[in-house]
Amino acid sequence: MLLHQHFVTIAKKFESKTAIIDRTTGKTVSYGKALIASLILADKFRKYDEGFIGIMIPTSAGCALAILGALISGRTPVMINYSTGAAQNCEYSQKKCAFKTIITSKALLEKINCPKVRGMIFIEDIMEHVTILDKIKAALRAKLPVDRLLKKIHDGDEDDNAVVLFTSGSEKDPKAVLLTHRNITANLFGISKVFDLTSDDIFLANLPFFHVFGLTANLWLPLHYGMTIVTYANPLDFKNICDIIREEKITFVVGTPIFMWGYLRKSSPGDFASCRIMLTGADKTPDSLREEFLNKHSITLLEGYGCTETSPVISVNSPTANRAGSVGQPLPNVQVRTENYETGEECGVGEIGKILVKGDNVMKGYFDDFEATTLSIRHGWYDTGDMGYHDQDGYIWHVGRLKRFMKIGGEMVSLIRVENVLEHLLPEEVTCCVVEVPDSVRGAKIVAAVTRKIDEKAILKKMSEELPNIALPKHFVVIEDLPKMGSGKIDFRRITEMVRDMIQG
């Protein structure tokens, strides 16, 4: 069953239950009302070109309903990043995927100071032109039995596109990832086998839906099981989010480590008392974050691993199977293989290699990029570009992107490993990012960007106790605010550019 078809069955089953509490606008939407609204939007979207339709709306009830409306109308939503360079992202996605219409919000454009791009349609204008007749027609359809209603909305195949998401662009230009209904549904099924999910759970949804972590974990997962979603558009409003978690009695929270640090620092004991799961992913989770969560809130922060191309979850720790520092065991319906990056042979226990993934959660491919698709997927195995190993119990230990390894004097050096050692030695509240920059003598060298000036000699002396000389940073530079992606991940590409300019300057 397609994602929007399953939503219809859930909406009919839980008609009077609250589907979405929008803490940004103050609106509450029941499953019955959500069904009617998505049917209305589907009718409006049918006026636009078939195929792809852009959506650039902050995390909200409106964005959720626009995604549902697009799918019900037979369009495929192309989710556009509005966190940085929104206008350029709109034009890039339109050109890359060859479509015109972008559903967005006047309020958003004003807030982020984004000019109107050709093809933009404002959701406020659409809703303003919804008539009484539109509402009556949608309400009557919503009253139909499930089997009859399903015949009146878009049908298709599970291998049809469900969404287009763009890779983060933290290392190179974003690629357009095609995820199908089968991909996302398989991931939901795998997650449900690990966590004991019920319709009684209340999910915090504050991650952007243009990021796969937000789309799957904050939208499709709770909708799939008839949960209540509490949306809030700004994941950086840490204090308010802590209040929302406490007031709405949230049971399930997911976020990046950077966001979790913010919640930890702005929270008071008891704020997270209702949370049975707090899960972090999309970036490495520092030991200190886990320790402080446990000390302050008696909550075990769980860590998972995934990527856009795998819908996203590959592996995850759970309350009953948790190994701190690892990224957990693969989902039951996901296969993971580690292989030697030079020979291609399968790695043994504890041996670091490239992480490959196979399963129904693996993307269809990159849109209009056959070369990149064939380089990434071979014999059904998706090459994540990450390095890691598995232990004797099947837990995966992620050690960084292959591109975040560098060869010095014939030795492979992990920049993630250098970061981990440096992080433990830095003063409190100082963060870092270690990058590779060109060197005229050795070809490349390691540079550490830190957010505040430090005692470099003392730090290097302590680092030398844990790392070989070739792995020690040759320079330290101060970047007070390390650039981040909209998802909260560190923007390695931008930081590397900044460091190179500073070193060369």
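The values are calculated or read from the model by the stated rules, or taken from the named source; none is laboratory data. The structure displayed is predicted, hence computed values, not measured ones. Cβ sites come from the backbone with ideal geometry, for glycine too, and all protein chains shown count toward neighbours.
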Counting only residues that are closer than 17 Å to Val313 by Cα and not in a strand (DSSP E or B), how many does the range 381-398 have? 2
Would the range 438-447 turn up any residue that is surrounded by 17 or more Cβ atoms within 10 Å (Cβ to Cβ) and basic (Lys, Arg)? yes
Quickly run through the range 85-107 and pick out the residues that are modelled with pLDDT of 95 or more, outside any helix (DSSP H, G or I) and within 23 Å of the chain's Cα centre (by Cα). Ile102, Ile103, Thr104, Ser105
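I'd like the residue in the range 12-36 that is among the small types (Gly, Ala, Ser) and either in contact (Cβ under 8 Å) with a residue 60 or more places away in the chain or assigned to a strand (DSSP E or B) (or both) and, out of all such residues, is surrounded by the most Cβ atoms within 10 Å (Cβ to Cβ).
Among them, the one singled out is Ala19.
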Would you check which residues across the range 43-67 are in a loop (DSSP other than H, G, I, E, B) and in contact with a helix residue (DSSP H, G or I) (Cβ under 7 Å, 6 or more places away or on another chain) and list them? Ile57, Pro58, Thr59
Can you go through Phe272, Phe238 and tell me which one is in contact with a Lys or Arg (Cβ under 6 Å, 6 or more places away or on another chain) and either in contact (Cβ under 8 Å) with a residue 24 or more places away in the chain or buried (at least 16 other Cβ atoms within 10 Å of the Cβ) (or both)? Phe238
Against the conditions (1) without any contact (Cβ under 8 Å) to a residue 60 or more places away in the chain; (2) surrounded by fewer than 17 Cβ atoms within 10 Å (Cβ to Cβ); (3) assigned to a loop (DSSP other than H, G, I, E, B), where does Lys296 fall short? Just the number, please. (3)
Residue that is farthest from the chain's Cα centre (by Cα), among those in the range 154-176 that are within 21 Å of Leu35 (Cβ to Cβ) and buried (at least 20 other Cβ atoms within 10 Å of the Cβ): Ala162
Which members of the range 244-279 meet the condition of being outside any loop (DSSP other than H, G, I, E, B), out of contact with any helix residue (DSSP H, G or I) (no Cβ under 9 Å at 6 or more places or on another chain) and over 18 Å from Ile191 (Cα atoms)? Ile244, Arg246, Glu247, Ile258
Checking the conditions here, which among Glu436, Glu480 is among the charged types (D, E, K, R) and over 19 Å from Arg404 (Cβ atoms)? Glu480
(1) part of a helix (DSSP H, G or I); (2) among the β-branched types (Val, Ile, Thr); (3) surrounded by fewer than 24 Cβ atoms within 10 Å (Cβ to Cβ): which one isn't true of Thr198, the others all being true? (1)
Any chance you could count how many residues in the range 320-348 are surrounded by fewer than 21 Cβ atoms within 10 Å (Cβ to Cβ), touching a strand residue (DSSP E or B) at 6+ places or on another chain (Cβ under 8 Å), at pLDDT 95 or above and over 17 Å from Gly400 (Cα atoms)? 3
In the list His390, His379, which residue meets the criterion of being surrounded by 20 or more Cβ atoms within 10 Å (Cβ to Cβ) and not charged (D, E, K, R)? His390
Name the single residue, out of those in the range 370-427 being among the small types (Gly, Ala, Ser) and at pLDDT below 85, that is farthest from Val349 (Cα to Cα). Gly409
